[in-house]
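Here the structure comes first, spelled out in structure tokens, and everything after it is commentary.
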Number of protein chains: 2
Amino acid sequence: MSLLLALAAVAASPAAQKPAAALSPGEIVAASPATDWQAISRDDLLVMDLAPDAKGRPRRVVIQLMPEPFSQGWVGNVRKLAAAHWWDGLTVYRVQDNWVSQWGDADGEDKGKAKPLPVGLEKVPQTRYVVRPEGAERSATHEELDTWLATMEGTHGAWHALTHKGAVIKDADPYADETFFYRGWPLAASRKGPSAWPVHCYASIGVARDAPPDTGTGAELYAAIGHAPRQLDRNLAVVGRVIDGIQYLSSLPRGPAPMGIYADPAERAAIQSLHPAREVADLPHYEFLSTESDSFHRYAEASANRQEAFYVQPAGGIDICNLKVPVRVAK
Amino acid sequence: MSLLLALAAVAASPAAQKPAAALSPGEIVAASPATDWQAISRDDLLVMDLAPDAKGRPRRVVIQLMPEPFSQGWVGNVRKLAAAHWWDGLTVYRVQDNWVSQWGDADGEDKGKAKPLPVGLEKVPQTRYVVRPEGAERSATHEELDTWLATMEGTHGAWHALTHKGAVIKDADPYADETFFYRGWPLAASRKGPSAWPVHCYASIGVARDAPPDTGTGAELYAAIGHAPRQLDRNLAVVGRVIDGIQYLSSLPRGPAPMGIYADPAERAAIQSLHPAREVADLPHYEFLSTESDSFHRYAEASANRQEAFYVQPAGGIDICNLKVPVRVAK
């Protein structure tokens, strides 16, 4: 085996190249101007209150719904179910480690016991797992894909800009041709179709379903509580994400039966209410760091190339689900 | 925007190309011959018993230590600490959501209260976060990197073989030039150096430390309980992984103070014992699916291209931390 001697610049320790007082990703977010933050509309939030824990502490989970043009058939159903208070009194009946916490009607598959669904829920076809341009199915070049994605909102986000303009982040993705952010959401795209879709990251919320071609109504929902289950992308509908309180779903005891089902119904976590945020009086206002902002650009670059004193070897890249979009309570 | 019409083969629905009765990854594992499994030596296992939960149920965590040539200075320290029963009576004092559960001496930074460490712990330098060939630092071509990695054990695993021989899995990785499996462990490698290192996946165990150049002794350990924190690779030492009972660390209540610290010491989870497996009478025998076996090759391919009836769109790729090495209790 022969190995070439590297140029000195390549072999130099990354530590030697660090600026003296580099900011951490968190410090960049904390220092970002108010103008780089966007309010999250209360119309796009749902509030799920689980029964208090064993010590009587409240467990509130705040859910942000996926924006257009993604998953809107299912999102519409979820809005209807929440408006009807359909989940009230139901449970989190399945918690599988490094996988999902799932809620809805534990008796949903038992015709004699199942809770009736509200009328008017849409039956959404599989084709809606992705969005694509009008017309026949096609295969696009990378440039054509970029052109199409750019029509979605003038830009399709900091992630994409960083990887293509500056090449400062390596975002190679095994599940898609491209990954990027759009209006604060992590997305992926393929040249085949072409098509774009919301990805499953930690705290993403998806629609459980039976065997295809069923796509689920939205009545049974799951939150991802482990490593991003990206194999579910384009196979189940992502309808939102938990922006506050994911720990109340991720720290539940794991169910002992197959797939994390609680064999004993007494183990289930009771849902006191799951309502549109407009019906909840004491909810703070939330905002997210615009993924089109300069602050997000710098946050992304710092996250992929950690320069603060704690790190000795910056990674040089980051995956879409490891770059969490900052969300905070508005000041 | 213009899009080219694709060839029919490209545009065809993946569902139409599915074999009639494709096995799931789990079914491939279940059907694999006994000869494809390798026993995990009891000498490489530690057993941590947390105090029983609120309902009196036991919480046993089984830890497999990292094999040579990786992280051996720290692994040696961890062996000494376990042999000395140093962790007995200490606690899991930090649980941060989508990040880590950490245990050791919660008073370790208070000189008046800190528990004395056993004598003879090695002070391991930062250079040991990776392994590299003897000699000066160099930059290798991809082919040279492969040649070097192949010397590690004749082969460096199914992942690599799949990606390079058949190109059936897309394993693009933003954190490294290559990812692969070696003796059952997920690893990464860079052409710079060249070097190879163990990666942080869900349930990986690493060595907490203070600011560099400190690298930690191994007395304070963490387990990853969320999306793979790959930015920690080459920055903290990975010394092992939880092969049984990770749910007892991942379902603990999250600490309310910054970094997931339990502000109230009463919230900490008590460690009854953390001992070498040879000292534990009632431990089953564990084995893992050899990452050099045909079964693992098929398992990897099926995991990256899900063909069973539940899936409508196989991903065509998978990331190293989403391809979990199967571990089971020996029959």
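The values are calculated or read from the model by the stated rules, or taken from the named source; none is laboratory data. Values in this document were obtained by computation on a predicted structure and should not be read as measured data. Positions of Cβ are backbone-derived with ideal geometry, glycine not excepted, and every protein chain shown enters the neighbour counts.
Apart from one condition, A:A228 fits all of (1) within 11 Å of chain B (Cβ to nearest Cβ); (2) not in a loop (DSSP other than H, G, I, E, B); the exception is (2). Taking the criterion of being among the basic types (K, R) and either farther than 24 Å from B:G260 by Cα or modelled with pLDDT under 95 (or both), the residues of region A:221-274 that qualify are A:R230, A:R234, A:R268.
Among the residues making up region A:87-143, those that are outside any loop (DSSP other than H, G, I, E, B) and farther than 30 Å from B:G245 by Cβ are A:Q126, A:T127, A:R128, A:Y129, A:V131, A:R138, A:S139, A:H142, A:E143. Candidates are the residues of region B:231-256 that are within 10 Å of another protein chain (Cβ to nearest Cβ) and within 21 Å of B:T179 (Cα to Cα); the one that is surrounded by the most Cβ atoms within 10 Å (Cβ to Cβ) is B:R234.
If you go through region A:276-292 and keep only what is surrounded by fewer than 19 Cβ atoms within 10 Å (Cβ to Cβ) and of a type outside the set (D, E), you end up with A:P276, A:R278, A:V280, A:A281, A:L283, A:P284, A:H285.
Name every residue in region B:214-225 that is within 22 Å of B:L274 (Cβ to Cβ) and in a loop (DSSP other than H, G, I, E, B), in order of residue number.
Residues satisfying the conditions are B:T215, B:G216, B:T217, B:G218, B:A219, B:E220, B:I225.
Here is a list: B:A309, B:A315. Which entry is at the interface with chain A (Cβ under 7 Å from one of its Cβ atoms), surrounded by fewer than 19 Cβ atoms within 10 Å (Cβ to Cβ) and within 25 Å of A:S195 (Cα to Cα)?
Numbers: B:A315 fails: surrounded by fewer than 19 Cβ atoms within 10 Å (Cβ to Cβ).
Only one candidate qualifies: B:A309.
Might you check whether a residue that is within 28 Å of B:T127 (Cα to Cα) and either in a strand (DSSP E or B) or not small (G, A, S) (or both) occurs anywhere in region B:56-63?
Filtering region B:56-63 down to residues within 28 Å of B:T127 (Cα to Cα) leaves B:63.
After this cut, where a residue has to be either in a strand (DSSP E or B) or not small (G, A, S) (or both) as well, the list is B:63.
So far as region B:56-63 goes, yes, one or more of its residues are within 28 Å of B:T127 (Cα to Cα) and either in a strand (DSSP E or B) or not small (G, A, S) (or both).
Would you call A:R60 in contact (Cβ under 8 Å) with a residue 40 or more places away in the chain and crowded, with 18+ Cβ neighbours inside 10 Å? Don't jump to the end; show me each part of the working.
Working: in contact (Cβ under 8 Å) with a residue 40 or more places away in the chain: yes; crowded, with 18+ Cβ neighbours inside 10 Å: no.
Judged against the criteria, A:R60 is not a match.
Residues of region B:206-249 that are under 18 Å from B:I320 (Cβ atoms) and among the acidic types (D, E): B:D233 alone. Note on region A:150-164: residues that are within 13 Å of chain B (Cβ to nearest Cβ), at pLDDT below 65 and over 20 Å from A:D233 (Cα atoms) amount to 2.
Restricting A:R306, A:R298 to residues that are touching a residue at least 12 places away in the same chain (Cβ under 8 Å), part of a loop (DSSP other than H, G, I, E, B) and of a type in the set (K, R) narrows the list to A:R306.
Considering only region A:110-146, state which residues are at positive phi and either more than 10 Å from every other protein chain (Cβ to nearest Cβ) or under 26 Å from the mean Cα position of the chain (by Cα) (or both). Explain how you work it out, then say what you get.
Initial filter on region A:110-146 (at positive phi): A:120, A:135.
Within region A:110-146, A:G120 is the sole residue that qualifies.
Here's a check for you: in region A:165-221, which residue that is charged (D, E, K, R) and in contact with a Leu (Cβ under 9 Å, 6 or more places away or on another chain) is nearest to the other protein chains (Cβ to nearest Cβ)?
Keep residues of region A:165-221 that are charged (D, E, K, R), which gives A:165, A:170-171, A:173, A:177-178, A:183, A:191-192, A:209-210, A:214, A:220.
Pick out the ones that are also in contact with a Leu (Cβ under 9 Å, 6 or more places away or on another chain) and you get A:171, A:177-178, A:191, A:209.
Numbers: A:D171: 5, A:D177: 10, A:E178: 11, A:R191: 9, A:R209: 9 Å.
Result: A:D171.
When every residue of region B:299-322 is checked against the conditions, at least one turns out to be hydroxyl-bearing (S, T, Y) and touching a helix residue (DSSP H, G or I) at 6+ places or on another chain (Cβ under 7 Å). Applying the condition of being farther than 30 Å from A:A84 by Cα and among the charged types (D, E, K, R) to region A:10-54 and asking which residue is modelled with the lowest pLDDT yields A:K18. Across region B:82-102, a minimum of one residue is classified as surrounded by fewer than 17 Cβ atoms within 10 Å (Cβ to Cβ), under 23 Å from the mean Cα position of the chain (by Cα) and away from chain A (no Cβ under 14 Å).
Among the residues that make up region B:277-298, is at least one of them within 14 Å of another protein chain (Cβ to nearest Cβ), closer than 30 Å to A:K192 by Cα and touching a Ser or Thr at 6+ places or on another chain (Cβ under 9 Å)?
Quick first cut of region B:277-298, residues within 14 Å of another protein chain (Cβ to nearest Cβ) only: none.
Within region B:277-298 (the criterion being within 14 Å of another protein chain (Cβ to nearest Cβ), closer than 30 Å to A:K192 by Cα and touching a Ser or Thr at 6+ places or on another chain (Cβ under 9 Å)), the answer is no, since none of the residues qualifies.
Could you list, in sequence order, the residues of region B:236-289 that are in contact (Cβ under 8 Å) with a residue 12 or more places away in the chain, charged (D, E, K, R) and within 26 Å of A:L252 (Cβ to Cβ)? Across region B:236-289, the qualifying residues are B:R241, B:D244, B:R254, B:E267, B:R268. Residues of region B:180-222 being of a type outside the set (A, V, I, L, M, F, W, C) and closer than 20 Å to A:G226 by Cα, which ones? Within region B:180-222, B:P186, B:P198, B:H200, B:Y202, B:S204, B:G206, B:Y222 meet the criteria.
Looking at A:Y299, A:Y286, which is the one that is closer than 29 Å to A:D105 by Cβ, among the hydroxyl-bearing types (S, T, Y) and within 21 Å of the chain's Cα centre (by Cα)?
Numbers: A:Y299 fails: closer than 29 Å to A:D105 by Cβ.
From the options A:Y299, A:Y286, the qualifying one is A:Y286.
Name the residue that is surrounded by the fewest Cβ atoms within 10 Å (Cβ to Cβ), counting only residues in region B:29-55 that are assigned to a helix (DSSP H, G or I) and among the acidic types (D, E).
Looking at residues that are assigned to a helix (DSSP H, G or I) and among the acidic types (D, E), I get B:D43.
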